[in-house]
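Engineer: Got a structure for you, questions after.
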Amino acid sequence: MARHMALVSMCLVLLLGGTACAPKLVGPTPGAGYSFSLEIVNPIIWLGPGVLVGGVGGVQFPQATEVIVRVQDAQGRPVDGVPVTFEVEPGWARSIALAPSQTSTRGGIARAILSEPQTIGVVRVMARVDNVTAQATLTVDRYGGGAAPQG
């Protein structure tokens, strides 16, 4: 339980303190020379029933997260209509939902949702633009209803 509260506290500090790091740019891509970033909005999601801690105005433990890719040209301008492919590492393909797996940018942004985790662990998430891949990680943890996993 203390481990979970430490994670929650750290997340709150990041959310409230604004100290999270900006996503790193990847590229330029070989075809069009685009650069892009990959961001996981909630880097920790939770397995199990939704939990609200602290009553009204408390903290909701998210069970899904948005994955965002921002694509820009060599001048830093957002680029529309760029195909983006999202995927998780093969060992997680049947243990978490990802939708859509392919989309195109609008306003320079492509989005997907990771949800419905079936197990706990660290998930490597990849986004591909013009044959260049960026990676980020997401942690799925368990809250409530039993002992915290040891590890």
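Engineer: By per-residue mean of other Cβ atoms within 10 Å, what is the highest-first order of 69-75, 28-34, 108-114?
Structural biologist: Numbers: 69-75: 17.3, 28-34: 14.3, 108-114: 19.7.
Most protected by this proxy first, the peptides run 108-114, 69-75, 28-34.
Engineer: Compute the distance in nm between two label points, each set 7 Å from the Cα along the Cα-to-Cβ direction, one at R77 and one at A64.
Structural biologist: Each label point is offset 7 Å from its Cα along the Cβ direction, giving 3.4 nm.
Engineer: Tell me the label-point distance for the pair R124, R106, using the 7 Å Cα-to-Cβ offset, in nm and rounded to one decimal.
Structural biologist: Once both label points are built, they end up 3.2 nm from each other.
Engineer: Hey, what do the phi angles of the range 66-78 turn into as Karplus ³J(HN,Hα) couplings, whole Hz, using 6.51/-1.76/1.60 and θ = phi - 60°, x for Gly and Pro?
Structural biologist: Karplus-based 3J(HN,Hα) across the range 66-78 equals 8, 10, 10, 10, 10, 10, 9, 7, 4, 8, x, 8, x Hz.
Engineer: Which residues does a label at Q135 reach in the range 21-42, if reach means a backbone N under 17 Å from a point 7 Å past the Cα toward the Cβ?
Structural biologist: Taking a point 7 Å out along Cα→Cβ of Q135, the residues of the range 21-42 whose backbone N falls under 17 Å are 24-27, 37-40.
Each value in this text was obtained by applying a stated rule to the coordinates, not by laboratory testing. Because the structure is a prediction, the values reported are computed rather than measured. Note: ideal-geometry Cβ built from the backbone for every residue, glycine included; neighbour counts use all protein chains shown.
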